[in-house]
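This report concerns only the one structure given below.
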Amino acid sequence: MSMIPLFSPDMPTTDDLIPYLREIDCDHWYSNFGPKLNKFETLLAAHFQVSKNCISTSSSATTGLMMALKALALNFELGGRKRFRCLLPAWTFVASAQAVLEAGGLPLFCDVSGGSGALTPEIVEKYLSCSEAIVPDVVMAVAPFGAAVEVAEWDAFSLRTGIPVVIDAAASFFSVVPGIAPVIVSLHATKVFGVGEGGVIISQNASLIEKIHQISKFGFSKTRVATIRGGNYKLSEYHAAVGLAQFERLSRLKARYLRVKDIYLNELLNIDNISLLGDPGRLISSTLNVLVNNGTAKNAVQKLRMQGIGASIWWEDTLHRNPVFMEGGVVGELPVSDDMYDRVFGLPFHSKLTIDEIRCVLQAIRNI
Ligand SMILES: Cc1ncc(COP(=O)(O)O)c(C=O)c1O
């Protein structure tokens, strides 16, 4: 039986790339902030409506998150502690927690909000008001699956509490309104705006962006002598070339994803056995995640696959139960995160899905 695939990347073709590759041949510049990356970063800054010194690119969103944490950690006062504590939602992709460990921190998990599946300032502040609360050095908020990112709310939280925030908005290329807290967006091929592998960090705090930029290039600042710890987390000219070709297709790309989402949303509202995650509204994302109303996501996925529907669970690794991440601990009970891990799964969703394929998916959902 043929399977309707979960996902299919919407990437520039070889023909789209050739003009840019020819330019690279002429420039003889392959990495280290060459002309392609310079132009790509200019377009990214315009897309996110910030000045160019308010963005930095990275080799992935995971390294972008790690660098943002490392840059903030330069100012943490740890007293006698060896590692900083980062409070983050238990329900997220494994990369969020790995970035904390890679930055030298300890993940401390807390629960998410029922409707959106996201961590909110209210949840963190409620926790902080408990007498036994362990105060984190930093909070990592996560925007699940392309959700809108309320940076202003988190900036206000930081002003009230003195705790800085990093926002993992890996899939939110089209729904970030930047503020002070650094937001990290993925440019992986599974995202709406893919370049293969890559990430972008956006913050109105230009000096933080400058630190992140420095960390991405071995800790060098103006000279080739390291002044802080860093590594090689740069984006190459080839990836930037894909990004430039992708910007040329931006409006068509958006329209394709919106078309598929609109067809789905019209119908899904009439299906009883699943509910939508969050408020997909006018959001543009490369995935469509739903909650099964009875039973588990694992069972639903199995039943859909038996009908030729390539559904899958995108966030499968229950982080608060994985020994790799458990050293920092959890904050209270995590019933909502447990529920999200149990019931959320992704439907086949990509920009080339046909109406007939969507109808097949919908019919199969009615049978689970
Ligand atoms: C919430 C979240 N954070 C981080 C990442 C990692 O992004 P990247 O693959 O660009 O490192 C992903 C990838 O899907 C993600 O969903």
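The values are calculated or read from the model by the stated rules, or taken from the named source; none is laboratory data. Note that this is a predicted model, so its numbers are computed, not measured. Note that each Cβ is placed from the backbone with ideal geometry, even for glycine, and that neighbours are counted across all protein chains shown.
Restricted to region 128-151, and to residues there that are in a helix (DSSP H, G or I) and farther than 16 Å from residue 164 by Cα, the residue that is farthest from the ligand (Cβ to nearest atom) is 146.
Which of the residues belonging to region 318-349 are part of a loop (DSSP other than H, G, I, E, B), surrounded by 16 or more Cβ atoms within 10 Å (Cβ to Cβ) and out of contact with any Leu (no Cβ under 8 Å at 6 or more places or on another chain)? Quick ask: steps written out before the conclusion?
Taking region 318-349 and keeping what is part of a loop (DSSP other than H, G, I, E, B), we get 318, 322-329, 331-334, 348-349.
This time we only want the ones that are surrounded by 16 or more Cβ atoms within 10 Å (Cβ to Cβ), so: 318, 325, 328, 331, 334, 348-349.
Selection gives 318, 334.
Can you tell me which residue within region 52-86, out of those that are more than 16 Å from the ligand (Cβ to nearest atom) and among the aliphatic types (A, V, I, L, M), is farthest from the chain's Cα centre (by Cα)?
Within region 52-86, the first condition is being more than 16 Å from the ligand (Cβ to nearest atom), and the residues that meet it are 52-54, 71-85.
Adding the requirement that they be among the aliphatic types (A, V, I, L, M) leaves 71-74, 78.
Numbers: 71: 19, 72: 19, 73: 21, 74: 24, 78: 28 Å.
Once the filter is applied, the top-ranked residue is 78.
Each row is one residue, and each column tells you yes or no for (1) of a type outside the set (A, V, I, L, M, F, W, C); (2) within 30 Å of residue 13 (Cβ to Cβ); (3) touching a residue at least 24 places away in the same chain (Cβ under 8 Å).
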site	(1), (2), (3)
256	yes, yes, yes
263	no, yes, yes
304	no, no, yes
314	no, yes, yes
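Of all residues in region 35-62, none that is outside the structural domain of residue 103 (by TED's automatic domain parsing) has its Cβ atom under 6 Å from the Cβ atom of a residue that is away from the ligand (no atom under 16 Å from the Cβ), 6 or more apart or on another chain.
Examine region 139-155 for a residue that is in contact with a Cys (Cβ under 9 Å, 6 or more places away or on another chain) and more than 20 Å from residue 55 (Cα to Cα), and state whether such a residue exists.
Keep residues of region 139-155 that are in contact with a Cys (Cβ under 9 Å, 6 or more places away or on another chain), which gives 139-140.
Next, only the ones that are more than 20 Å from residue 55 (Cα to Cα) stay: 139.
Looking for residues that are in contact with a Cys (Cβ under 9 Å, 6 or more places away or on another chain) and more than 20 Å from residue 55 (Cα to Cα), one finds at least one in region 139-155, hence yes.
For the condition surrounded by 21 or more Cβ atoms within 10 Å (Cβ to Cβ) and of a type in the set (A, V, I, L, M), residue 177 does not qualify.
Number of residues in region 350-368 that are closer than 16 Å to residue 298 by Cβ and either of a type in the set (Phe, Trp, Tyr) or part of a loop (DSSP other than H, G, I, E, B) (or both): the value is 1. Among the criteria (1) of a type in the set (Val, Ile, Thr); (2) within 26 Å of residue 192 (Cα to Cα); (3) modelled with pLDDT under 95, the one residue 330 does not fulfil is (2). In the set (1) loosely packed, with under 12 Cβ neighbours inside 10 Å; (2) not assigned by TED's automatic domain parsing to the domain that holds residue 236, residue 4 fails one condition alone, (1).
Entry remark, region 90-106: residues being within 14 Å of the ligand (Cβ to nearest atom), under 15 Å from residue 327 (Cα atoms) and touching a strand residue (DSSP E or B) at 6+ places or on another chain (Cβ under 6 Å) number 3 in total. If only one of 176, 200 is within 16 Å of the ligand (Cβ to nearest atom) and under 22 Å from residue 98 (Cα atoms), which one is it? Checking each option against the conditions leaves just 200. Going by the conditions given, is residue 170 touching a Phe, Trp or Tyr at 6+ places or on another chain (Cβ under 8 Å), within 16 Å of the ligand (Cβ to nearest atom) and in contact (Cβ under 8 Å) with a residue 40 or more places away in the chain? Taking the combined requirement at face value, the residue satisfies it.
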